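Engineer: The structure follows.
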Amino acid sequence: MEERPYFPPEEYDQRLQNLRRLMAAQDLDACLISSPENIFYLCGLSHQGFFAYHLLIVPRDGKMALICRAMERVTVEKWVVLPERANFFGFEDGDDLVHFTCDRLHQLGLGSARLAAEKSSLFLPSRVTEGISANLPQATVGDCSGLVDSLRQIKSARELDYTRQAAEVTNAMMNAARETAAPGVSEQEVAAEVHRAMLLAGGTYPGFGPFIRATPTLGEEHRTWSDHRLQTGEALFVELAGCVNHYHAPLGRLLYIGEAPPGTETMAQLCLEAFNAVVSTIRPGIEAGQVYQAWQDVVDAAGLSHYRRHHCGYMVGIGFPPSWVGGSMVVGLRHGSDLELQAGMVFHVMSWLMGAGEGDYFVSDTAVVTENGCEVITAVSQRLHIV
């Protein structure tokens, strides 16, 4: 399923040019990129070695440079296409990361440069940025958090193709969950069949999840399966994402085991009405806050004006563990957000009515902003499903 490289050289070249235009506008000599999603976006590096220090140095001119463990050379040379695109600097496990980084910056002529680092990245040790400032006093270290992320918001044709492939994997995973869940079946068994379906459909490891939890742990967001056996009358929360070439297409459903409590059908219909209002509102030029308001208006009209959500969806695309949101910053369809939607953006759209006082229901799907509106690309029935 993997292509080498993931994208043609001209697409990588365009991404780099776009970043350098932003750097020039901010008068930066180099950006220090540490987010695995952004490193992948700029040079195609695909592996799980990001638990250790990685730093992609992107100068305003010339080749990039990648700092990581020396043992990663084979992987880096295969995926980053060295030496055409970037230089490789491998450190040994006993090396001092600050000194190694500062020496490389000196070697690249950046010892007194205007630098910017992704200070919001989960993968950048603070001692590195502090150490650069201490050891290179003539250099400045600003913050470029969100710079590459802003370029990733609008997906190219090939990125959207990977996302659609991921949606097919997602469908297979959710169908496996629906077919497996039943009274007496354990959450573990559901998870096992979901993973089997994921692999056989051509998917690879996602950024996190899948999330599979029944009524006893229903409110514990970002917890997943246990050995609990499903009981008649319980709900089973299933939220998962197929992943192809690191592109995700999340999907969520709330299943009921054996029977659903009274009022669930009414809440399900309201949930779907609110979801459809969101999908009908999404289009280029609309603001994210307006999309959220479309969801809230339906809920308010149903007499649940006390109920509020922190968002009705968020942007997705490239994701590495520990999440599929693409980094540490969640770009949501939130109340009051002035983010302007553009064609090529991809959102995990959610309609979540849990604990509203009238029963529980939840649906979510992946949707692409098109030139004329919105297209939902995951395809599993949203109707109330009792297993």
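Engineer: Would a scan of region 370-386 turn up a residue that is in contact with a Cys (Cβ under 9 Å, 6 or more places away or on another chain) and assigned to a strand (DSSP E or B)?
Structural biologist: Checking region 370-386: not a single residue is in contact with a Cys (Cβ under 9 Å, 6 or more places away or on another chain) and assigned to a strand (DSSP E or B).
Engineer: Might you check whether a residue that is modelled with pLDDT of 95 or more and over 27 Å from Ser35 (Cα atoms) occurs anywhere in region 313-326?
Structural biologist: The answer is no; no qualifying residue exists.
Engineer: Counting residues that are more than 26 Å from Asp95 (Cα to Cα) and of a type in the set (Ser, Thr, Tyr), which helices (runs of 4 or more DSSP H) fully inside region 1-85 reach at least 1?
Structural biologist: 9-25, 36-43
Engineer: Scan region 333-349 and give yes if some residue there is in contact with a His (Cβ under 7 Å, 6 or more places away or on another chain), part of a loop (DSSP other than H, G, I, E, B) and either surrounded by 18 or more Cβ atoms within 10 Å (Cβ to Cβ) or not hydrophobic (A, V, I, L, M, F, W, C) (or both), otherwise no.
Structural biologist: Yes, the conditions are met somewhere in region 333-349.
Engineer: Which residue out of Glu37, Glu84, Glu77 is of a type in the set (Asp, Glu), at pLDDT 95 or above and either over 21 Å from Ala116 (Cα atoms) or buried (at least 20 other Cβ atoms within 10 Å of the Cβ) (or both)?
Structural biologist: Glu37
Engineer: Picking from Phe237, Phe208, which residue would you name as being touching a strand residue (DSSP E or B) at 6+ places or on another chain (Cβ under 7 Å), within 22 Å of Met350 (Cβ to Cβ) and of a type outside the set (Ser, Thr, Tyr)?
Structural biologist: Among Phe237, Phe208, only Phe237 is touching a strand residue (DSSP E or B) at 6+ places or on another chain (Cβ under 7 Å), within 22 Å of Met350 (Cβ to Cβ) and of a type outside the set (Ser, Thr, Tyr).
Engineer: For Ser121, work out the one condition from (1) farther than 23 Å from Ala70 by Cα; (2) part of a loop (DSSP other than H, G, I, E, B) it doesn't fulfil.
Structural biologist: With (1) farther than 23 Å from Ala70 by Cα; (2) part of a loop (DSSP other than H, G, I, E, B) applied to Ser121, the lone miss is (1).
Engineer: Residues of region 48-82 being farther than 17 Å from His106 by Cβ and among the small types (Gly, Ala, Ser), which ones?
Structural biologist: Gly49, Ala52, Ala70
Engineer: If I go through region 1-30 residue by residue, how many of them are more than 22 Å from the chain's Cα centre (by Cα) and among the hydrophobic types (A, V, I, L, M, F, W, C)?
Structural biologist: Selection size over region 1-30: 6.
Engineer: Please verify whether Glu130 is assigned to a loop (DSSP other than H, G, I, E, B) and farther than 20 Å from Val148 by Cβ, treating the condition exactly as stated.
Structural biologist: So Glu130 fails the test.
The values are calculated or read from the model by the stated rules, or taken from the named source; none is laboratory data. None of the values given here were measured: they were computed from a predicted structure. Virtual Cβ from ideal backbone geometry, glycine too; neighbours counted across all protein chains shown.
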